[in-house]
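The values are calculated or read from the model by the stated rules, or taken from the named source; none is laboratory data. Just so it is clear, the model here is predicted, and its values are computed rather than measured. For neighbour counting, all protein chains shown are included, and Cβ atoms are generated from backbone atoms with ideal geometry for every residue, glycine included. For the accessible areas, the whole protein counts, side chains as well, though only heavy atoms, and no ligand, DNA or RNA atoms are used. Shrake-Rupley method; radii C 1.70, N 1.55, O 1.52, S 1.80 Å.
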Amino acid sequence: MIKTDILIIGAGPTGLFTVFEAGLLKLKCHLIDALPQAGGQCSEIYPKKPIYDIPGFPEVLAGELVDNLMEQIKAFQPGFTLGERAETIEKLEDGTFVVTTNKGTKHQAPIVAIAGGLGSFEPRKPLLENLDKFEDNGVAYIIKDPEVYRDKKVVIAGGGDSALDWSIFLADVASEVTLVHRRNEFRGALDSVEKVQHLKNEGKINLVTPGEIIGLKGGDTLEAVTIRKSGAVSEEIDLAVDNFIPLFGLSPKLGPIADWGLDIEKNAIKVDNTLDYQTNIPGIYAIGDVNTYPGKLKLILCGFHEATLMCQSAYQRIFPDKKYVMKYTTVGGVTGFDGSKKEAPKAVVKAID
């Protein structure tokens, strides 16, 4: 049995930052995540994608943000159960919770913080014959490392931000990029649409609209895709490719957490946003993209804020007879569980003769 003060379900940015805020309160944390590494979507789906709305970082790669968070919480020595999904929860007579994973690992804590982002993800796949045959053999639904496509012929299908952004990014990586969308209009940011049009005019991106991929060809690996071009006259063409990346979005699912007796609204967990992001079950909180409340914004920085308030509430639940006086890190510094200490240098005061 793994015992801790706060059990965090989800090791994405919000879950990781919770470790820091809890550490300031001398509370230990343990994190569970179904993915094999910490970082959530930032590590698994778009580690090389830049993020622009993190305070103090005009631009930071998603993977770099995760690395920085891991460095920030190192002194608080969190535990990790990775590659396992939180499956069941049981409340004991003493008020603590026992969470068991799909592999049978048991965790006990007085506080459970669900920070599972949007839950688990399944890619929305096109209905194509032999699609499963070429998965990981030329077909991918997530771009983890753009260098995989260095000097390759790549076809991207989709009309949203991901399809536009990766087409723009890979234009300087792949030898040939073709973007196929079934409509002339895109659903992405106007700036991205204009960049794609500019790259098309420069001959760096082939744009096929309206059109759709209707077939895949190859032996052990993908060798070509069949594109149906719509218009006044419909035609089908075979295009030699190394990689096909359909980016039709990801379908989020709460998974087993949906069966824990929590109030659920549109695949998200309802919380009280006026105080501490606690769910309808006292002692269980939901922070980050997994929760919902009036005025909710699904932003990483909002998850950081929610984690901070949640930890204050968790402290009061664990120590109801103690009054915590918040100390600013600029004054008190940061003392890790490993004995490390970070603090601003003290001014030297000299006596006047």
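How large is the helix-only mean residue ellipticity at 222 nm for the chain, computed as the sum of -39500 (n - 2.57) over DSSP H runs with n ≥ 4, divided by its residue count, in deg cm²/dmol to the nearest 500?
Mean residue ellipticity at 222 nm (helix-derived): -6500 deg cm²/dmol.
Given axes a ≥ b ≥ c from the Cα gyration tensor, I'd like to know whether the stretch 54-142 is rounded (a/c under 1.5), prolate (a/b larger than b/c) or oblate.
oblate
Need the C-alpha centroid separation for the stretch 249-303 versus the stretch 193-238, integer Å.
Cα centroid of the stretch 249-303 versus Cα centroid of the stretch 193-238: 40 Å apart.
Just K26, K327, K153 to compare: in a GNM of the chain, with alpha carbon springs under 10 Å, which one fluctuates most?
Result: K327 has the largest fluctuation of those listed.
Please compute the modelled spin-label separation between T226 and I281, points set 7 Å along Cα→Cβ, answer in nm with one decimal.
5.0 nm
Show me the helices of the chain, taken as full DSSP H stretches, that run 24 Å or more along their long axis by Cα and average -0.5 or above in Kyte-Doolittle hydropathy.
Length and hydropathy pass: 300-318.
Determine the percent antiparallel among the DSSP beta bridges restricted to the stretch 131-248, to the nearest 5.
50 percent
Quick check: from the Cα gyration tensor, does the stretch 1-74 come out rounded (a/c under 1.5), prolate or oblate?
Note, shape of the stretch 1-74 comes out oblate.
Hey, rough spin-label estimate for F337 and K91, points 7 angstrom out along Cα→Cβ, what's it come to in nanometres?
Those two pseudo-labels are separated by 2.6 nm.
Packing-wise, with mean Cβ within 10 Å as the measure, how do 139-151, 2-14, 28-40 rank, highest first?
Listed from highest to lowest mean packing, they are 2-14, 28-40, 139-151.
Could you list the square roots of 5 times each eigenvalue of the Cα gyration tensor of the stretch 131-248, that is, the equivalent ellipsoid semi-axes, sorted largest first and rounded to whole Å?
Over the Cα atoms of the stretch 131-248, the semi-axes work out to 20, 18, 12 Å.
For the chain, what does the alpha-carbon gyration tensor say about shape, rounded, prolate or oblate, given a ≥ b ≥ c as the root eigenvalues, a/c under 1.5 as rounded, and a/b over b/c as prolate?
Verdict is prolate for the chain.
If you take every DSSP beta bridge fully contained in the chain, what fraction is antiparallel? Give it as a percent rounded to 5.
Bridges in the chain are about 50 percent antiparallel.
Using the heavy atoms of the protein chains and a 1.4 angstrom probe, tell me the accessible area per residue for the chain in square angstrom.
With the other protein chains kept in place, the chain gives 52 Å² per residue.
Based on the mean of other Cβ atoms within 10 Å per residue, sort peptides 124-132, 79-87, 255-263, 278-286 so the most packed one is first.
Output ranking for 124-132, 79-87, 255-263, 278-286: 278-286, 79-87, 255-263, 124-132.
What FRET efficiency would be calculated for the residue pair F319, A344, taking the C-beta separation as r and a Förster radius of 25 Å, to the nearest 0.05?
0.35
For the chain, set up a GNM with springs between Cα atoms under 10 Å and report which of I245, I168, I237 has the largest fluctuation.
Top of the fluctuation ranking is I237.
Here is the link list: K106/K253; K266/K323; K204/K296; K103/K323; K106/K296. Which ones come out longer than 29 Å on Cα distance?
K266/K323; K204/K296; K103/K323; K106/K296
May I ask you to give the percent of accessible area on the chain that is carbon plus sulfur, with a probe radius of 1.4 Å?
51 percent
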